[in-house]
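Here the structure comes first, spelled out in structure tokens, and everything after it is commentary.
The values are calculated or read from the model by the stated rules, or taken from the named source; none is laboratory data. Being a predicted model, the structure only gives us computed values, none of them experimental. With ideal geometry, Cβ positions are generated from the backbone for all residues, glycine too; neighbour counts draw on all protein chains shown. Calculation scope for accessible area: heavy atoms of the full protein, side chains included, ligands and nucleic acids excluded. Shrake-Rupley method; radii C 1.70, N 1.55, O 1.52, S 1.80 Å.
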Number of protein chains: 2
Amino acid sequence: MLKYPDAQVISLGIGDTTEPIPDVITSAMAKRSYALSTLEGYSGYGAEQGEKQLRAAITSTFYRDLGIGEEDIFVSDGAKCDISRLQVVFGSDVTMAVQDPSYPAYVDSSVIMGQTGQFQQDIGKYAKIQYMKCTPENGFFPDLSTVARTDIIFFCSPNNPTGSAATREQLTRLVKFAKDNGSIIVYDSAYAMYMSDDNPQSIFEIPGAREVALETSSFSKYAGFTGVRLGWTVVPKELLFADGSPVAKDFNRIVCTCFNGASNIAQAGALACLSPEGLSAMHEVIGFYKENTKIIVDTFSSLGFKVYGGKNAPYVWVHFPGRSSWDVFSEILGKTHVVTTPGSGFGPAGEGFIRVSAFGHRNNILEACKRFKQLYK
Amino acid sequence: MLKYPDAQVISLGIGDTTEPIPDVITSAMAKRSYALSTLEGYSGYGAEQGEKQLRAAITSTFYRDLGIGEEDIFVSDGAKCDISRLQVVFGSDVTMAVQDPSYPAYVDSSVIMGQTGQFQQDIGKYAKIQYMKCTPENGFFPDLSTVARTDIIFFCSPNNPTGSAATREQLTRLVKFAKDNGSIIVYDSAYAMYMSDDNPQSIFEIPGAREVALETSSFSKYAGFTGVRLGWTVVPKELLFADGSPVAKDFNRIVCTCFNGASNIAQAGALACLSPEGLSAMHEVIGFYKENTKIIVDTFSSLGFKVYGGKNAPYVWVHFPGRSSWDVFSEILGKTHVVTTPGSGFGPAGEGFIRVSAFGHRNNILEACKRFKQLYK
């Protein structure tokens with residue numbers, strides 16, 4: 001901005017939603033707000049785990065026939081916040097594995113809890129974390145035979161940043177791996193509704209997953225709730241620590257001690273999201289971003305780049321073999337004034353890639369793609 | 001409820017707000033909700049530290065001329081949540097002191113972070129925590145000459161549960177004590193607006209406090225936001241760890257990693273709270289609860305009980321010398337069907353007291369007091 005004060009910068013960087021929230025959802029939040037001014041409609045402290053009706057709606061919308069009950073759902077102010085609360089449950093003495101590359105919050109929260117060793121500058125990794133390499137060579141699914149046993153496995157599918165989604169067969173292997181090792185999978189499904197392929201949208205579609213996995217998700221990217229703040233975590237009652245005590249019991253204690261429930265207004269919005277009208281409105285918003293994704297994929301493909309992701313997630317993962325992510329990022333920013341994200345920011349295996357987010361107004365996406373074409377033609 | 005299925009139970013227990021939120025505040029939240037459906041009014045991720053305008057309004061409303069800048073304010077989803085985030089900053093290797101009795105979240109979050117030793121059943125205390133006894137004998141302000149040095153001192157004034165508020169002279173001693181010991185005070189001022197006496201409403205009214213204290217507060221009890229969720233924490237830039245690094249830098253890292261900002265709709269509500277109309281509406285709500293408090297104080301006083309608190313906080317602390325808190329609680333519940341809180345639940349020095357909350361509809365307060373009079377006449 002200092003260098004080119006007149007530049008029209010377009011951000012396809014941090015993946016922040018840009019499209020208005022459908023009326024049916026904001027009307028419900030406004031209605032709940034107004035109701036709080038009435039004797040009948042006022043409510044104070046709610047259940048820390050979330051309102052019963054919302055927990056039931058999340059269960060029936062996302063986990064029907066998967067053996068998940070509404071008592072397994074913990075409503076929250078977002079997946080990122082729940083990831084940290086989970087880390088507080090796990091404490092500082094656990095070992096963890098992450099996909100490499102992956103959403104930085106897993107590693108950052110692990111560092112903060114003191115689970116890791118020092119950062120090793122030369123390899124770009126924290127000691128004591130297992131980095132599960134996900135690259136085009138392995139179809140973005142880690143070679144589990146090379147991964148050491150850990151207590152916790154963070155796994156995000158569809159993945160941020162690679163945009164790839166694990167298949168049923170791959171997730172079945174992951175669940176078996178966790179079961180064999182006595183590991184707990186923290187499955188992040190925040191982009192599940194972006195799936196086009198017939199891959200599982202929840203880890204609980206895999207038999208046996210309830211004994212080894214919990215799942216976190218969010219309305220942020222489905223309904224533009226990045227600012228409204230509403231997510232949830234599923235902790236199945238079958239998920240036990242090695243001593244036989246339920247993980248849900250400890251998570252419940254953390255939720256009740258360290259959190260006081262999500263905003264009742266945001267919860268009213270989430271409930272509206274799951275009404276028939278809300279679901280169809282959410283699908284429209286998601287469809288819009290998916291069209292953006294296709295425009296970005298087609299642009300880079302037409303320029304001869306190897307492009308990954310984009311089909312099952314709102315992120316496009318573009319390969320610049322042999323180049324540094326930061327150099328490519330700077331080149332694109334300097335020459336097109338479009339902000340992307342350097343792949344190495346998500347882990348060492350992200351080196352040589354950039355992530356392009358599909359969250360943006362259509363005219364910005366089209367303009368950015370026009371500039372990409374001028375740069376790389 | 002099982003024993004007396006037809007009983008009209010009145011809860012003056014957990015201190016949950018009951019009165020509707022003033023229109024001027026809910027209208028602002030509804031307006032923000034609707035705006036999220038428009039291109040111009042939509043916003044996604046906000047600053048994790050809160051919206052600039054709200055941070056400025058909090059500064060000018062509560063900390064004018066106290067040397068606090070808007071950059072020192074961290075907006076949150078509530079004081080309880082911030083207390084836990086602070087504990088994550090402090091980690092498991094610190095020692096802490098609490099008022100005895102006090103709001104249970106301080107000790108509970110300390111236990112969860114692993115700061116304490118085992119619970120000692122015989123004395124009702126966790127090992128490694130300094131319990132600072134606050135009783136009628138010391139005017140509910142601890143005898144600091146008997147308190148061992150700790151890294152962290154939790155201090156709530158006006159106090160929950162005793163309802164007592166520390167004087168300027170007492171807080172000056174507390175600040176000196178912290179400075180002499182190199183301790184950090186976590187000052188909880190969530191009830192400051194209930195103050196009738198001319199005591200400080202913020203620890204930062206005490207000279208030198210910015211070097212030893214941070215402060216957490218909330219709109220929960222001011223505007224009935226227990227369900228809406230909006231609070232804040234002040235971390236002055238002058239507050240440093242022993243190695244000279246700012247506490248605010250670490251807290252900011254936790255806020256950015258473990259939290260994604262408070263709901264934008266709740267923030268719009270908070271901003272409305274701090275408008276001239278909002279402030280006057282909040283004072284009305286607070287005034288209503290203060291009238292409730294007076295009714296409860298007068299009732300127990302007229303029955304010959306020694307009654308504490310109530311003047312500077314919405315809690316009445318009633319003494320039943322020589323009796324067990326739980327016995328009194330059970331007697332009141334069984335015979336009047338009014339829920340109170342046994343004082344020993346707030347710490348061993350709460351034994352022999354019950355806390356009566358003034359949050360309730362007027363008819364319930366009057367009815368509860370009528371029943372108290374029948375029981376103890």
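Odds and ends about this structure:
- Most to least packed among B:190-199, A:136-145 [average Cβ atoms within 10 Å]: B:190-199, A:136-145
- One quarter of the surface of the convex hull around the alpha-carbon atoms of segment B:196-289 equals 7.7 nm², the direction-averaged projected area.
- Residue-level accessible surface for B:Leu333, protein heavy atoms, 1.4 Å, Å²: 60 Å²
- Average partner coverage of A:226-237, which counts Cβ from other chains inside 10 Å: 4
- Over all pairs of different C-alpha atoms, segment A:29-273 has a mean inverse distance whose reciprocal, the Kirkwood radius, equals 18.5 Å.
- Förster radius 51 Å - calculated FRET efficiency between B:Gln53 and B:Ala148 (Cβ-Cβ, nearest 0.05): 0.70
- Here segment A:114-222 has 47 percent of its accessible surface on carbon and sulfur atoms, given a 1.4 Å probe and all protein chains in place.
- Eligible lysines near B:Lys370 by straight Cα distance, threshold 27 Å, same-chain separation 8 or greater: B:Lys3, B:Lys221, B:Lys290, B:Lys294, B:Lys306, B:Lys311, B:Lys335
- Annotation for A:Ser324 and A:Asp298: the two label points, set 7 Å from Cα along the Cα-Cβ direction, are 3.5 nm apart.
- The candidates B:Trp317, A:Trp326, arranged from most to least accessible area with a 1.4 Å probe in the full protein assembly, appear as A:Trp326, B:Trp317.
- Most to least accessible of A:Arg253, B:Arg210, B:Arg64, A:Arg55 (protein chains only, probe 1.4 Å): B:Arg64, A:Arg253, B:Arg210, A:Arg55
- Between A:Leu39 and B:Asp197, the FRET efficiency estimated from the beta carbon spacing at R0 = 45 angstrom works out to 0.90.
- When the convex hull of its Cα atoms is projected in every direction, mean area for segment A:1-127 (nm²): 14.2 nm²
- Convex hull projection area averaged over all views, segment B:139-251, Cα basis, nm²: 7.6 nm²
- Estimated at the nearest 10 Å², the accessible area of B:Cys256 is 40 Å² with a 1.4 Å probe.
- Other-copy label distances relative to A:Ser280, 7 angstrom Cα-Cβ extension, nm: 4.7
- Contact order for segment A:29-273, expressed relative to its length and based on alpha carbon pairs under 8 Å spaced 6+ residues apart, stands at 25 percent.
- Lys, Arg +1 and Asp, Glu -1 on Cβ, resulting dipole of chain A about Cα centre, debye, nearest 20: 780 debye
- Shielding of B:284-297 by partner chains, average beta-carbon count, 10 Å: 0
- Test item: A:130-137 mean partner chain Cβ contacts at 10 Å: 0
- Computed log₁₀ I(q)/I(0) - Debye formula, equal Cα scatterers, no solvent, segment A:223-377, q 0.20, 0.21 Å⁻¹: -1.14, -1.20
- Of the residues B:Lys377, B:Lys179, the one with the largest accessible area comes first in the ranking B:Lys377, B:Lys179, computed with a 1.4 Å probe on protein heavy atoms.
- Rounded to 5, percent antiparallel among DSSP beta bridges of the protein assembly as shown: 55 percent
- Reported value for the protein assembly as shown: 166 Å³ per residue, from the convex hull of its C-alpha atoms.
- Compactness of segment B:216-259 as Cα Rg over 2.2 N^0.38 Å, two decimals: 1.46
- DSSP bridge pairs, chain B: antiparallel proportion in percent, nearest 5: 50 percent
- Farthest toward positive dipole pole in segment A:1-45 [+1 Lys/Arg, -1 Asp/Glu at C-beta], among A:Gly44, A:Thr18, A:Met29: A:Gly44
- Each Lys and Arg contributes +1 and each Asp and Glu -1, all at the Cβ; summed about the Cα centre of segment A:87-151, the dipole is approximately 60 debye.
- Under 17 Å from the Cα of B:Lys125 - lysines, other chains or at least 8 residues apart: B:Lys133
- Local electrostatic count, B:Gln374, Cβ distance below 15 Å [Lys/Arg +1, Asp/Glu -1]: +3
- For B:Ser301, the shell of other residues with beta-carbons less than 13 Å away shows a net charge of +3, using +1 for Lys and Arg and -1 for Asp and Glu.
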